[in-house]
Amino acid sequence: MLRALSRCHAPVVRLLSPRTAVLVETVRGRKSRTDPIAKSKLGRIKTPPPVDPVEMVVLKERYTEYNLILRALRLEFKEQMLRKKYEEEVGSVAEERTKREAEEHRSLIALNDAENLRMCKIRAQRMQKEAEAAELKKREAAILRQQELESYIKEKERQILLLQEEAKDFITPDNLDQRIEEALDNPKNYNFAIDKEGRVVKRTAFQQ
Amino acid sequence: MYLIRSCMVFYKYFLLTYSLLSSTEYLSVMVHLSSFLLKKYHGGHVVIRLALGGATNRPFYRIVAAYNKWARDSKYIEQLGSYDPLPNIHNEKLVAFNYERIKYWIACGAHTTKPVAKLLGLAGFFPLHPMTITEAERRQKAALTEEVKMDRQEQVEQKEAL
């Protein structure tokens with residue numbers, strides 16, 4: 001009787017084979033064309049709402065005027081928009097924009113060049129300073145090396161002289177016998193006594 | 001009618017999946033319906049209308065440019081203003097309009113709904129809507145008849161008192 005599926009929001013596939021439970025919303029009170037009329041409404045004749053003819057004429061006039069003005073407004077807006085678009089893309093606005101952008105580009109390039117020049121100067125100065133410092137360091141290193149060499153030579157000479165001095169007292173095969181004789185003649189006593197106060201006694205009991 | 005609409009939606013999905021098979025099996029060319037609105041196919045147009053928001057017993061409308069076929073409260077192209085139907089503490093109903101963008105959309109061929117047209121008429125952007133004038137006249141006439149009736153009732157009471 002009442003079509004329960006008169007307002008369903010589910011897609012077609014789910015309608016044809018509802019695998020889940022209730023998918024469909026039922027809306028109370030809506031009748032279709034084929035449903036019978038209710039008993040209370042059997043004698044009802046539907047009439048359109050009453051209209052005042054004078055008011056209707058006035059209203060129709062007002063509506064025609066209104067529609068005319070609206071149409072004019074619409075066309076006006078359309079023209080304005082087209083003009084604005086044209087100006088922006090082709091006309092004065094575009095020209096001004098290109099000019100402004102060129103100006104900006106030029107100024108930016110100039111700024112960049114100035115900056116580059118400044119950095120170049122600074123860099124040149126820095127390089128010069130570094131070169132001078134390196135030169136100085138090299139010279140100082142050379143001097144130091146020279147000094148080291150000289151001191152080394154001096155030290156070696158001193159050691160040679162010392163050795164030469166000592167070599168005079170060396171025991172050689174020539175004066176071997178002489179030295180043995182000498183040593184046997186002068187016995188040396190290395191023994192000594194010392195007490196807690198630190199008094200040293202070189203004369204000992206063992207003496208030849 | 002709703003059945004046909006859901007059928008169409010289903011058909012569109014079907015078309016997109018089916019095309020993947022057909023290009024290998026058959027030599028026919030399946031064109032992908034890639035544009036989102038497909039104006040020529042669906043035949044929609046842009047409208048400036050009121051989208052309802054707010055809470056229970058507290059409506060609030062956003063004046064919105066949307067395609068005709070989209071749901072009233074869902075996706076829109078651009079919001080162009082708002083309208084608060086409940087008067088505030090100073091007894092004012094606040095309306096906001098972005099005239100620049102409204103001009104743009106009307107230039108692009110958007111329609112306006114009746115309430116939006118009435119509001120714009122009251123704001124001065126459009127001419128006054130005929131129904132606004134007519135309703136005001138009706139109210140004035142009703143007020144006049146009420147006055148006359150009250151006067152007549154008073155006169156009758158005075159006569160009875162005498």
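The values are calculated or read from the model by the stated rules, or taken from the named source; none is laboratory data. What you see is a predicted model, and the numbers here were worked out from it, not measured in a lab. All Cβ positions, glycine included, derive from the backbone under ideal geometry; neighbour counts span all protein chains shown. Just so you know, the surface numbers come from the protein's heavy atoms only, side chains and all, with ligands and any DNA or RNA stripped out. Shrake-Rupley method; radii C 1.70, N 1.55, O 1.52, S 1.80 Å.
Per-structure values
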{"read-out": "Qualifying helices (runs of 4 or more DSSP H) (wholly inside region B:61-162; at least 2 residues being more than 14 Å from every other protein chain (Cβ to nearest Cβ))", "value": "B:114-123, B:130-161"}
{"read-out": "Filter result for the condition that a residue is under 15 Å from the mean Cα position of the chain (by Cα) and either open to solvent by 30 Å² or more (accessible area, probe 1.4 Å) or not assigned by the TED database to the domain that holds B:ALA51 (or both), over B:LYS114, B:LYS103", "value": "B:LYS114"}
{"read-out": "Where A:MET127 falls short, out of the listed (1) outside any helix (DSSP H, G or I); (2) modelled with pLDDT of 95 or more", "value": "(1)"}
{"read-out": "Meets criteria (open to solvent by less than 30 Å² (accessible area, probe 1.4 Å) and either on the phi > 0 side of the Ramachandran plot or not assigned by the TED database to the domain that holds B:ARG58 (or both)) for B:THR134", "value": "yes"}
{"read-out": "Selected residue (only one of A:LEU70, A:LEU82 is of a type outside the set (Gly, Ala, Ser), assigned to a helix (DSSP H, G or I) and under 12 Å from B:PRO130 (Cβ atoms))", "value": "A:LEU70"}
{"read-out": "Positions within region A:46-60 being open to solvent by 90 Å² or more (accessible area, probe 1.4 Å) and either within 10 Å of chain B (Cβ to nearest Cβ) or closer than 17 Å to B:PHE125 by Cα (or both), in sequence order", "value": "A:LYS60"}
{"read-out": "Long-range neighbours under 7 Å by Cβ, at least six apart or interchain, first residue among the charged types (D, E, K, R) within region A:156-181, second modelled with pLDDT under 95 and open to solvent by 100 Å² or more (accessible area, probe 1.4 Å)", "value": "A:ARG179/A:ILE171"}
{"read-out": "Single match in A:GLU115, A:GLU88 (criterion: charged (D, E, K, R) and either surrounded by fewer than 10 Cβ atoms within 10 Å (Cβ to Cβ) or within 30 Å of B:ILE106 (Cβ to Cβ) (or both))", "value": "A:GLU88"}
{"read-out": "Candidate set from region A:61-78 (those that are facing another protein chain (nearest Cβ under 9 Å) and among the basic types (Lys, Arg)); member that is farthest from B:ALA117 (Cα to Cα)", "value": "A:LYS78"}
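Per-residue answers, yes or no, for (1) surrounded by 10 or more Cβ atoms within 10 Å (Cβ to Cβ); (2) among the polar types (S, T, N, Q); (3) at pLDDT 95 or above:
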residue: A:VAL93; (1), (2), (3): yes, no, no
residue: A:ARG145; (1), (2), (3): yes, no, yes
residue: A:TYR152; (1), (2), (3): yes, no, yes
residue: A:GLU155; (1), (2), (3): yes, no, yes
residue: A:ARG158; (1), (2), (3): yes, no, yes
residue: A:PHE192; (1), (2), (3): yes, no, no
residue: A:ALA205; (1), (2), (3): no, no, no
